[in-house]
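Below is one structure, written out as structure tokens; comments come after it.
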Amino acid sequence: MNYNYFSEIVEKANQRKCKISSIVKEWEEEKQEKDIAEIVKLMSEQWQVMKRAVDSGLNNPQISMGGLIGGEGKKIISYMEKNNNNDIYLKSAARALAVAEVSASMGKIVAAPTAGSAGIIPAVMLACIEKYGSSEEEIIDALFTASGLGIVIAKGASISGAEGGCQAECGSAGAMAAAAAAELMGGSPQASSNAAAMVLKNVLGLVCDPVAGLVEVPCAKRNVMGTTLAIVSAEMAVAGVTSVIPLDEVIAAMDSIGKSLPAILRETGKGGLAVTPTGLEIEKRVKGEKKNV
Amino acid sequence: MKDFSVFDIIGPIMVGPSSSHTAGAVRLGKIARAIAGNQTPSSAEIYLHGSFAETYKGHGTDLALISGLLGFETDSPDIKKAFEFAEKEDLKFNFFPVDLGPAQHPNTVKFSLIKKDGTKLEIIGKSVGGGNIAITELDGYEISLKGDLPTLFTKHKDIPGIIHQVSGILCDHKINIAFMKVFRKEKRLEAIMVLETDDTISKDIIKQIQNIPSILSTHYLDPV
């Protein structure tokens, strides 16, 4: 079996009366010729690294290679502790930033789907543990739901900022996290699809315009955007809110928008925030000197 | 269309900040090390082109390339300290941001290596996104290899029958050739053959290939 559209996966899950994650696991089993237990173990390893990245970013913040970010996640947690604030959105924002900071300071992360968007899925999964009591096992299952959607997006559009802009990176990560979260919140396969569609619709057209070409500004804070949007969209979908435009059509729209984005807005560091006066000044400071040979 | 695994999407586990400028750079260094006989060279002049030249410091591309030459994995916590490890292993290195011309991919690197035995090696490679890479030139030969499969190189005399002999040995050991290319600069002089296989090739088999009279040298690379 091979799936090119998320609706095919949803339909299969409905027929079999099982979760999307079960369908994705079987799909991977066929492709890899490995048994499901082994595949689940591998996914569990990814999850352990994700959690460690969050902890490391919050407890041991580092300044990034380009010197533009570092310590923001911890700053938020300190603020929350001081004010007795336990808001899940703010806490998730801190976690997403923490992973982005770890990545930008050459720490260990899991590309999900890319290094630049690596904070979103861990932050949303931890929110599900905290708010919905999801177990480790359920989280690892949900990561299959997320990656199943990621495969469909990679096939139908792109998960690379250089190809499709930030909608393809933080947008895809947010959509994947939302689909996983909806499943963890007890939503149906169709709810996962609606949740993901609602995230993607909100980021269509988002450009990739990293200052000095570095995965720091605005990437870290766009991880917060993806995280927040994923949690609220999953809740909306489980509450019964549906997406008028079906997910697969949103993905197709994202593909055509990505293709019509000019190159300066696709990870070249030559447009958008990268060419603001401040962006250009930072670029001058960070870049290595160039000579001809 | 590429058949993605869930671990292409959630994964790889890597040291940040960039799959192309960091993880890909480690892999390029690792391939260069493998071509150099799986040992740390004594010196490396590293030329950085395009986006590599412009953003290498902020992406740790320099640390990543040296890490690869030292044989580190893409998720090694030691990548950050690669320069210290290089000193311990007596690897002298220099980086030169350059313009290698408009035909090169934006993330291109040229290694000029001197091995411990004094022989020189020149390798050009590119990082094409998501940690995927390709080697495009070896000692002036335009080649193409991605390093994701077991790879055997031979340098040999450009005469009839050599491909038959090499593939015959592989066939005897039931090793399936996935991709194969032959490159040469001039007719009937030296040529290079690059074989990417589905199965790993044992030392014994490589020895048999080395014993073919027209084979000048062989290099074997495990997937990186």
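When region A:155-171 is filtered for residues that are within 11 Å of another protein chain (Cβ to nearest Cβ) and either buried (at least 24 other Cβ atoms within 10 Å of the Cβ) or over 15 Å from A:ILE9 (Cα atoms) (or both), the ones remaining, listed by number, are A:SER158, A:ILE159, A:SER160, A:GLY161, A:ALA162, A:GLU163, A:GLU169.
Condition check ((1) part of a loop (DSSP other than H, G, I, E, B); (2) under 23 Å from A:GLY73 (Cβ atoms); (3) within 14 Å of chain B (Cβ to nearest Cβ)) across all residues:
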| residue | (1), (2), (3) |
| --- | --- |
| A:VAL215 | yes, yes, yes |
| A:THR228 | no, yes, no |
| A:SER233 | no, yes, no |
| A:ILE245 | yes, no, no |
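Of all the numbered requirements in (1) surrounded by fewer than 24 Cβ atoms within 10 Å (Cβ to Cβ); (2) small (Gly, Ala, Ser); (3) in contact (Cβ under 8 Å) with a residue 60 or more places away in the chain, A:GLY186 misses one, and that requirement is (3). Of all the numbered requirements in (1) more than 14 Å from chain B (Cβ to nearest Cβ); (2) assigned to a helix (DSSP H, G or I), A:CYS18 misses one, and that requirement is (2). Scanning region A:193-213 for residues that are farther than 20 Å from A:ALA104 by Cα and either facing chain B (nearest Cβ under 10 Å) or assigned to a helix (DSSP H, G or I) (or both) yields A:SER193, A:ASN194, A:ALA195, A:ALA196, A:ALA197, A:MET198, A:VAL199, A:LEU200, A:LYS201, A:ASN202, A:VAL203. Here B:ALA44 fulfils each of the conditions (1) among the small types (Gly, Ala, Ser); (2) closer than 19 Å to A:SER103 by Cβ; (3) crowded, with 24+ Cβ neighbours inside 10 Å apart from (2). For region A:95-110, taking the residues that are touching a residue at least 60 places away in the same chain (Cβ under 8 Å) and closer than 14 Å to A:GLY66 by Cβ, the one that is nearest to the other protein chains (Cβ to nearest Cβ) is identified as A:SER103.
Annotation: A:GLY133 fulfils all but one of (1) on the phi < 0 side of the Ramachandran plot; (2) more than 7 Å from chain B (Cβ to nearest Cβ); the unmet one is (1).
Beta carbons closer than 7 Å, at least 6 apart along the sequence or on distinct chains, pair a first residue in region A:208-220 that is on the phi > 0 side of the Ramachandran plot with a second that is surrounded by fewer than 24 Cβ atoms within 10 Å (Cβ to Cβ) and β-branched (Val, Ile, Thr) for A:ALA212/A:ILE282; A:ALA212/A:VAL286.
For region A:23-53, a residue qualifies if it is part of a helix (DSSP H, G or I) and more than 13 Å from every other protein chain (Cβ to nearest Cβ), and exactly one does: A:ALA37. Within region A:76-98, the set of residues being more than 22 Å from the chain's Cα centre (by Cα) and assigned to a helix (DSSP H, G or I) comprises A:SER78, A:TYR79, A:MET80, A:GLU81, A:LYS82.
Residues in region B:129-151 that are within 14 Å of chain A (Cβ to nearest Cβ) and of a type outside the set (S, T, N, Q): B:GLY129, B:GLY130, B:GLY131. Note on region B:84-128: residues that are within 14 Å of chain A (Cβ to nearest Cβ) and touching a Gly at 6+ places or on another chain (Cβ under 9 Å) amount to 15. Checking each residue in region A:81-127 for being within 26 Å of A:ALA154 (Cβ to Cβ) and either touching a His at 6+ places or on another chain (Cβ under 7 Å) or of a type in the set (Ser, Thr, Tyr) (or both) picks out A:SER92, A:SER103, A:THR114, A:SER117. Looking only at residues of region B:57-81 that are surrounded by 24 or more Cβ atoms within 10 Å (Cβ to Cβ) and over 14 Å from B:GLY29 (Cα atoms), we find that the one that is farthest from the other protein chains (Cβ to nearest Cβ) is B:HIS59. Give just the number: which of (1) assigned to a loop (DSSP other than H, G, I, E, B); (2) closer than 24 Å to B:LYS185 by Cα; (3) within 13 Å of the chain's Cα centre (by Cα) does B:PHE153 not satisfy? Result: B:PHE153 fails condition (1) only. Filtered by the rule that a residue be hydroxyl-bearing (Ser, Thr, Tyr), more than 16 Å from B:ASN176 (Cβ to Cβ) and more than 18 Å from the chain's Cα centre (by Cα), region B:190-224 gives a lone residue, B:SER214. Taken over region A:99-114, the criterion of being in a helix (DSSP H, G or I) and either farther than 30 Å from B:HIS21 by Cα or of a type in the set (A, V, I, L, M, F, W, C) (or both) is satisfied by A:VAL99, A:ALA100, A:VAL102, A:ALA104. Scan region A:64-74 and tell me whether some residue there is away from chain B (no Cβ under 14 Å), buried (at least 22 other Cβ atoms within 10 Å of the Cβ) and modelled with pLDDT of 95 or more. Within region A:64-74 (the criterion being away from chain B (no Cβ under 14 Å), buried (at least 22 other Cβ atoms within 10 Å of the Cβ) and modelled with pLDDT of 95 or more), the answer is yes, since at least one residue qualifies. Taken over region B:129-150, residues that are in a strand (DSSP E or B) and either closer than 18 Å to B:MET180 by Cβ or touching a strand residue (DSSP E or B) at 6+ places or on another chain (Cβ under 6 Å) (or both) amount to 11.
Restricting region B:1-55 to residues that are of a type in the set (S, T, N, Q) and without any contact (Cβ under 8 Å) to a residue 40 or more places away in the chain, the residue that is farthest from the other protein chains (Cβ to nearest Cβ) is B:ASN38. Screening B:GLN165 against (1) over 29 Å from B:ILE9 (Cβ atoms); (2) in a helix (DSSP H, G or I); (3) without any contact (Cβ under 8 Å) to a residue 40 or more places away in the chain leaves a single unmet condition, (3).
The values are calculated or read from the model by the stated rules, or taken from the named source; none is laboratory data. Keep in mind that what you see is a predicted model, and the values were worked out from it rather than measured. Don't worry about glycine lacking a Cβ; one is built from the backbone with ideal geometry, like all the others, and counts go over all protein chains shown.
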